[in-house]
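Engineer: Structure in structure tokens, see below.
The values are calculated or read from the model by the stated rules, or taken from the named source; none is laboratory data. Since the structure is predicted, the reported quantities are computational estimates derived from the model, not experimental observations. Note that each Cβ is placed from the backbone with ideal geometry, even for glycine, and that neighbours are counted across all protein chains shown. Side chains included, ligands, DNA and RNA excluded: accessible areas come from the protein's heavy atoms. Shrake-Rupley method; radii C 1.70, N 1.55, O 1.52, S 1.80 Å.
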Amino acid sequence: MPTLSINFDPAVIAHLVNANGDDTVHVTLTLGTEGQSSTPRPVVPHGPLADLMKAGLLKAGTELTFHQRRANRSGHAVVTADGQLVVDGHALPYPSPSKAAEAVTGNVINGWTLWHVANVEGGPTLDALRRKLEAGNPE
């Protein structure tokens, strides 16, 4: 009978310890065979966020948030290594900021102007990061 062995990076364990009942935790598994080292292939970002990620303006694991006071709703998402957004409470990642925002709000909405980088003073929107990149000033 095959055996399944799962090894977690200490950072993952720390995240799981700090997670609360409302958090969604996503785990990616890499298949390998016993006695053979499996070298993970680098994940290349694609889709709408790829250019921001390649320029270093957005990284895998970056948390994005928004809050709409009038509608009394907020959202939280995390950028994946391949440039998608994992939204709390949703099982599958979304390929674009607008699709991720629509999943939370239930309305067609411009996710580029809605999502803000969390945990950063002044939390720029994705649109502000995109404009910075287009202006040739990725720093």
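Engineer: Could you say which residue among 93, 97 is at pLDDT 95 or above and touching a strand residue (DSSP E or B) at 6+ places or on another chain (Cβ under 8 Å)? Don't jump to the end; show me each part of the working.
Structural biologist: Details: 93 fails: at pLDDT 95 or above.
Sole residue among the options that is at pLDDT 95 or above and touching a strand residue (DSSP E or B) at 6+ places or on another chain (Cβ under 8 Å): 97.
Engineer: I've got another one for you. Please find, within segment 65-77, the residue that is farthest from the chain's Cα centre (by Cα) out of those that are of a type in the set (A, V, I, L, M, F, W, C) and farther than 15 Å from residue 47 by Cβ. Before you say what the answer is, go through the steps one by one.
Structural biologist: Residues of segment 65-77 of a type in the set (A, V, I, L, M, F, W, C): 66, 71, 77.
Keeping just the survivors that are farther than 15 Å from residue 47 by Cβ gives 66, 71.
Working: 66: 14, 71: 24 Å.
Looking at the filtered set, the residue picked out is 71.
Engineer: Residues 86, 78: which one is open to solvent by less than 40 Å² (accessible area, probe 1.4 Å) and within 23 Å of residue 20 (Cα to Cα)? Walk me through it before giving the result.
Structural biologist: Values: 78 fails: open to solvent by less than 40 Å² (accessible area, probe 1.4 Å).
The unique qualifying residue is 86.
Engineer: Still on this structure, I have one more. Find all pairs meeting these conditions: Cβ atoms under 9 angstrom apart; at least six residues apart or on different chains; first residue within segment 98-112 and closer than 12 Å to residue 75 by Cβ and free of Cβ contacts under 8 Å to residues at least 12 places away in the same chain; second residue among the aromatic types (Phe, Trp, Tyr) and open to solvent by 30 Å² or more (accessible area, probe 1.4 Å).
Structural biologist: Filtered contacts from segment 98-112: 102/94.
Engineer: Then there's this: Please indicate, with yes or no, whether at least one residue in segment 122-132 is among the hydroxyl-bearing types (Ser, Thr, Tyr) and in contact (Cβ under 8 Å) with a residue 24 or more places away in the chain. Quick ask: steps written out before the conclusion?
Structural biologist: Taking segment 122-132 and keeping what is among the hydroxyl-bearing types (Ser, Thr, Tyr), we get 125.
Filter once more, keeping what is in contact (Cβ under 8 Å) with a residue 24 or more places away in the chain: none.
No: zero hits.
Engineer: Checking the conditions here, which among 24, 65 is modelled with pLDDT under 90, surrounded by 10 or more Cβ atoms within 10 Å (Cβ to Cβ) and closer than 20 Å to residue 101 by Cβ? Step through it out loud before you land on a result.
Structural biologist: Working: 65 fails: modelled with pLDDT under 90.
Only one candidate passes the filter, namely 24.
Engineer: Ok, one more. For segment 110-123, enumerate the residues that are surrounded by fewer than 17 Cβ atoms within 10 Å (Cβ to Cβ) and modelled with pLDDT of 95 or more. Give the steps one after another, and end with the answer.
Structural biologist: Initially, segment 110-123 is screened for residues surrounded by fewer than 17 Cβ atoms within 10 Å (Cβ to Cβ), giving 110, 113, 118-123.
Listed by number, the residues that qualify are 110, 113.
Engineer: Taking the condition of being buried (at least 19 other Cβ atoms within 10 Å of the Cβ) and either touching a Lys or Arg at 6+ places or on another chain (Cβ under 9 Å) or among the small types (Gly, Ala, Ser) (or both), how many residues in segment 50-62 meet it?
Structural biologist: 3
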